[in-house]
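Everything on this sheet refers to the single structure shown next.
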Amino acid sequence: MRYKTQIPFNVPSLGREELRAVAQVLESRWITTGPRTKAFEQKFARYVGAENAVAVNSCTAGLHLALVAYGIGAGDEVITTPYTFAATGEVILHVKAVPVFTDIEPNGFNIDPEKIEQAITPRTKAIIPVHFAGEPCRMDKIVEIALRHNLIIIEDAAHALGARYRDKMIGSFAHASAFSFYATKNLTTGEGGMVTTNDSEIADRIRMLSLHGLSHDAWNRYSALGKWYYEITELGFKYNMSDIQAALGLVQLERFDEMQKKRRELAELYYQLLVDNDHIVLPPRPANIVHAWHLFVIRLKKLCKKLNRNFIIRDLNIQGIGTSVHFIPLHMHPFYQNNFGYETGDFPIAEKTFESAISLPLYPDMTETDVLEVVDALQSSIDKNEKADLKHKVGYAEEIY
Ligand SMILES: *Cc1c(COP(=O)(O)O)cnc(C)c1O
């Protein structure tokens with residue numbers, strides 16, 4: 001069956017207010033970092049409950065600057081999950097540290113705190129937990145490990161704006177947390193990011209590094225020497241956010257709670273419709289967290305080894321339903337295998353999870369009917385898959401679910 005409606009995997013929620021905000025910033029003629037960026041930083045810090053927020057041009061830039069600001073560099077090891085996007089591993093290498101991957105939890109998507117503990121060496125300096133799909137990692141355990149071993153926690157919070165671990169907002173308690181405002185993320189500025197931290201010196205340093213390492217003192221001397229004066233005090237980067245992005249961000253932040261409410265309702269509906277489906281493992285939603293529902297990632301079980309996930313994705317696509325896969329584990333990519341000796345087989349839980357994962361459409365502009373259509377299409381694809389390749393039926397995923 002082919003549906004009339006095409007349901008894309010992701011559509012950013014942008015309305016008239018965003019259009020007006022961007023028009024206003026253009027009319028003002030102040031289009032780079034300026035008053036709107038400052039206002040966005042202040043409102044964002046207040047929203048997540050952090051002392052400071054520094055706007056940057058991506059989450060990747062934010063993670064990179066947080067590592068630099070905390071002095072992590074050559075010879076240091078940084079523990080993170082292989083079940084993440086390119087950015088998380090890349091920034092560790094850009095500061096010349098070594099990424100040390102540890103496997104995810106047996107029945108989830110997040111890094112396993114027990115395995116972090118086992119990977120710690122005298123060279124370990126930091127942990128980068130990734131709150132996959134908007135589900136916070138087990139932060140009580142990770143914070144406890146970090147305290148015991150004197151490690152810095154830099155959160156990859158690209159998926160986790162609005163998430164809470166117990167009573168705390170993500171972004172309010174780690175050494176630093178980096179958020180993404182990429183087109184598909186829960187709050188978007190097209191491209192953009194934010195670092196939050198309760199350490200004001202670190203925030204100042206990140207801000208300075210984000211604009212070529214120009215000294216604040218020099219900025220302050222402007223009035224005495226004239227506007228042309230500045231001093232380069234250390235090697236910096238060009239990672240600042242523009243006021244065009246910040247104008248979008250300010251509107252999105254105003255709308256954020258309402259957008260999150262919609263995501264929660266749609267996720268709840270997926271749950272209700274899929275909870276009895278014995279081909280599917282639903283995403284974890286532990287009781288002590290607020291999930292940000294950036295992604296709704298199901299895992300398939302008991303399907304045919306040959307076709308399974310890829311068959312379903314192709315068939316959903318034919319039915320007009322967009323999906324995606326998060327993530328191809330970093331250690332399975334040629335770059336990591338060729339340069340660091342990682343091999344497929346090193347992180348079996350991440351690999352099996354990847355092989356069975358499908359991210360279903362989830363965004364505030366979806367309707368409940370859209371969710372019903374996705375679920376119908378999914379059931380139809382599963383039925384086809386079952387019929388297509390019964391002779392290869394092996395139930396390979398059951399050992400971990
Ligand atoms: C999107 C994403 C990033 C990178 O965000 P950018 O703003 O595009 O740099 C980092 N980590 C994860 C897990 C992501 O999904």
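The values are calculated or read from the model by the stated rules, or taken from the named source; none is laboratory data. In this text, all values refer to a predicted model and were calculated from it rather than measured experimentally. Ideal geometry is used to build each Cβ from the backbone, glycine not excepted, and the neighbour counts take in all protein chains shown.
Condition check: touching a residue at least 40 places away in the same chain (Cβ under 8 Å) and either farther than 24 Å from residue 293 by Cβ or aromatic (Phe, Trp, Tyr) (or both). Does residue 78 satisfy that?
Answer is yes for this residue.
Does segment 80-89 contain at least one residue that is of a type in the set (Val, Ile, Thr), over 20 Å from the mean Cα position of the chain (by Cα) and at pLDDT 95 or above?
Checked segment 80-89: no residue is of a type in the set (Val, Ile, Thr), over 20 Å from the mean Cα position of the chain (by Cα) and at pLDDT 95 or above.
Got a sec? Which of 16, 29 is without any contact (Cβ under 8 Å) to a residue 40 or more places away in the chain, closer than 23 Å to residue 364 by Cβ and surrounded by fewer than 14 Cβ atoms within 10 Å (Cβ to Cβ)?
Values: 29 fails: closer than 23 Å to residue 364 by Cβ.
Result of the check over 16, 29: 16.
Do we have residue 23 as away from the ligand (no atom under 16 Å from the Cβ), aliphatic (A, V, I, L, M) and either at positive phi or assigned to a loop (DSSP other than H, G, I, E, B) (or both) here? It would help to see each step written out before you state the result.
Working: away from the ligand (no atom under 16 Å from the Cβ): yes; aliphatic (A, V, I, L, M): yes; either at positive phi or assigned to a loop (DSSP other than H, G, I, E, B) (or both): no.
No; evaluated as a whole, the condition is false for this residue.
Would you be able to say whether some residue in segment 110-127 is on the phi > 0 side of the Ramachandran plot, surrounded by 17 or more Cβ atoms within 10 Å (Cβ to Cβ) and within 16 Å of the ligand (Cβ to nearest atom)?
no
Yes or no, residue by residue, for (1) free of Cβ contacts under 8 Å to residues at least 60 places away in the same chain; (2) more than 20 Å from residue 60 (Cα to Cα); (3) touching a His at 6+ places or on another chain (Cβ under 6 Å):
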| residue | (1), (2), (3) |
| --- | --- |
| 107 | no, yes, no |
| 111 | yes, no, no |
| 116 | yes, yes, no |
| 132 | no, no, no |
| 143 | yes, yes, no |
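Each row is one residue, and each column tells you yes or no for (1) within 14 Å of residue 128 (Cβ to Cβ); (2) without any contact (Cβ under 8 Å) to a residue 12 or more places away in the chain.
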position: 148; (1), (2): no, yes
position: 167; (1), (2): no, yes
position: 175; (1), (2): yes, no
position: 181; (1), (2): no, no
position: 207; (1), (2): no, no
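Suppose the filter is over 22 Å from residue 343 (Cβ atoms), touching a strand residue (DSSP E or B) at 6+ places or on another chain (Cβ under 9 Å) and modelled with pLDDT of 95 or more; does residue 171 pass it?
Considered against the rule, which asks whether it is over 22 Å from residue 343 (Cβ atoms), touching a strand residue (DSSP E or B) at 6+ places or on another chain (Cβ under 9 Å) and modelled with pLDDT of 95 or more, residue 171 comes out as yes.
Quick check: is even one residue across segment 51-65 part of a helix (DSSP H, G or I) and loosely packed, with under 14 Cβ neighbours inside 10 Å? Give the derivation first.
To start, the set of residues in segment 51-65 that are part of a helix (DSSP H, G or I) comprises 59-65.
Restricting the remaining residues to those that are loosely packed, with under 14 Cβ neighbours inside 10 Å gives none.
So far as segment 51-65 goes, no, none of its residues is part of a helix (DSSP H, G or I) and loosely packed, with under 14 Cβ neighbours inside 10 Å.
Quick one: which strands (runs of 3 or more DSSP E) sit completely within segment 133-216 and have at least 2 residues that are more than 15 Å from the ligand (Cβ to nearest atom) and more than 30 Å from residue 11 (Cβ to Cβ)? Before the answer, list the steps.
Details: elements: 152-156, 176-180, 193-197.
Ranges flagged: 152-156.
Looking at segment 69-76, can you tell me whether even one residue there is within 16 Å of the ligand (Cβ to nearest atom), outside any loop (DSSP other than H, G, I, E, B) and at pLDDT 95 or above? Show your work before the answer.
Of segment 69-76, the ones within 16 Å of the ligand (Cβ to nearest atom) are none.
Within segment 69-76, not a single residue is within 16 Å of the ligand (Cβ to nearest atom), outside any loop (DSSP other than H, G, I, E, B) and at pLDDT 95 or above.
Tally the residues that are β-branched (Val, Ile, Thr) and part of a loop (DSSP other than H, G, I, E, B), restricting the search to segment 100-119.
Result for segment 100-119: 1.
Looking only at segment 77-99, filter to residues that are within 16 Å of the ligand (Cβ to nearest atom) and part of a strand (DSSP E or B); which one of those is surrounded by the most Cβ atoms within 10 Å (Cβ to Cβ)?
Only one residue tops the list, namely 79.
Does any residue of segment 341-348 turn out to be without any contact (Cβ under 8 Å) to a residue 40 or more places away in the chain and within 16 Å of the ligand (Cβ to nearest atom)?
Looking through segment 341-348, none of the residues is without any contact (Cβ under 8 Å) to a residue 40 or more places away in the chain and within 16 Å of the ligand (Cβ to nearest atom).
Which of (1) of a type in the set (Gly, Ala, Ser); (2) more than 16 Å from the ligand (Cβ to nearest atom); (3) on the phi < 0 side of the Ramachandran plot does residue 55 not meet, given it meets every other one?
Among (1) of a type in the set (Gly, Ala, Ser); (2) more than 16 Å from the ligand (Cβ to nearest atom); (3) on the phi < 0 side of the Ramachandran plot, residue 55 violates only (2).
Can you name every residue in segment 238-264 that is buried (at least 21 other Cβ atoms within 10 Å of the Cβ) and without any contact (Cβ under 8 Å) to a residue 40 or more places away in the chain?
None; the set is empty.
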